[in-house]
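J.: I have a structure here, written as structure tokens, and I will follow up with some questions on it.
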Amino acid sequence: MAAFMQVPVPPHRKERHFRLKDDLTLNLSNEELRERYRFGREGITFISNLVSNDISRKQRENHALTVSQMVMVTLRFLATGSFLQVVGDTIGLHKGTVSRIVSDVLTSLCNKRDEFIKWPRNVDETRGDFYRLSGFPNVLGAIDGTHVRIQAPSEDEPSFVNRKGVHSVNVQAVCDARGKFTNINANWPGSSHDSHIFRTSQIRMTPSKACKIIIACAILHNICILLNEPDIEDDGLVIDNDGDLGDRFFGDQDGRGVRDHISSTFFNR
């Protein structure tokens, strides 16, 4: 009697089709697109082309979303600051799907950070830009730091508690006179002192997901400047960022004169 060998047959995997509540379409006005994604049609297309080679292979695995739609899902998540679950419910995608999409797009953007976040090559032009902006001589960048709140990590948790008792990542950033990031360091836990970050800062990123979001947002910010995207508030109004910069300094270019001008212009009001 012939023997039969049972060969396991893998179950047929049904092709997934998502019924999106939000069409994730570019067939909207630029104003409507910016309300949802903070970018107009040109910006979304630019970002899609930028990350296409990295995420199109994974996109073909499920035949569900185009590269542009994956970018729009990620931009919706970043623009709203909402939870993955809420973004998924709004669009009509499972939380896990949104998480994978966001992770893939963020990784692709972060891998291109050196293309968009880089120190100015023409230092004389940068000095001139700052001087024309505020009358402040010999400036190559404006530097500041901020704490970005995160969930308590499972490893080395005490290091991420800042002086206010909140878990955070301490971020240091430098920008030029146009507000474009030229350096950013999101590598340090919240307990790190600003001076320590300044002494050790480099472009050397191995970020966690929170740090990926920070870097990706900085890249997207620079892309907005590159494409002249208007700065939009949550209510859709264009923001006026000019402000009162005070009188330009035309005195002697010595340390004491510049210091006295800054003190009297910006701190005696």
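The values are calculated or read from the model by the stated rules, or taken from the named source; none is laboratory data. Here the structure is a predicted model, which is why all the values come from computation and not from measurement. Positions of Cβ are backbone-derived with ideal geometry, glycine not excepted, and every protein chain shown enters the neighbour counts. Quick note on the areas: whole protein, heavy atoms, side chains included, nothing else; ligands and nucleic acids left out. Shrake-Rupley method; radii C 1.70, N 1.55, O 1.52, S 1.80 Å.
J.: What is the local net charge at L106, summed over the other residues whose Cβ is closer than 12 Å to its Cβ (Lys, Arg +1; Asp, Glu -1)?
T.: +3
J.: Computed FRET efficiency, Cβ-Cβ of K95 and E157, R0 30 Å: what is it to the nearest 0.05?
T.: Here the calculated transfer efficiency is 0.75.
J.: Is the shape of segment 94-180 best called rounded, prolate or oblate, per the rule: a/c under 1.5 gives rounded, else a/b larger than b/c gives prolate, else oblate, with a ≥ b ≥ c the square roots of the Cα gyration tensor eigenvalues?
T.: oblate
J.: Given 10 Å bins starting at zero, what is the percent of C-alpha pairs of segment 37-183 in each, up to the one with the largest pair distance?
T.: 10, 26, 30, 25, 8, 1
J.: Using the structure shown, list the pairs from K118/K164; K118/K180; K164/K212; K95/K212; K112/K212; K95/K180 with a Cα-Cα distance above 21 Å, or answer none.
T.: K118/K164; K164/K212; K95/K180
J.: Moving to a separate point now. If packing is taken as the average count of other Cβ atoms within 10 Å, what order do 111-122, 44-55 fall into, highest mean first?
T.: So the peptides 111-122, 44-55, ranked by packing, come out 44-55, 111-122.
J.: Over segment 61-123, with every protein chain in place, what whole percent of the accessible area is carbon and sulfur at 1.4 Å, could you tell me?
T.: 52
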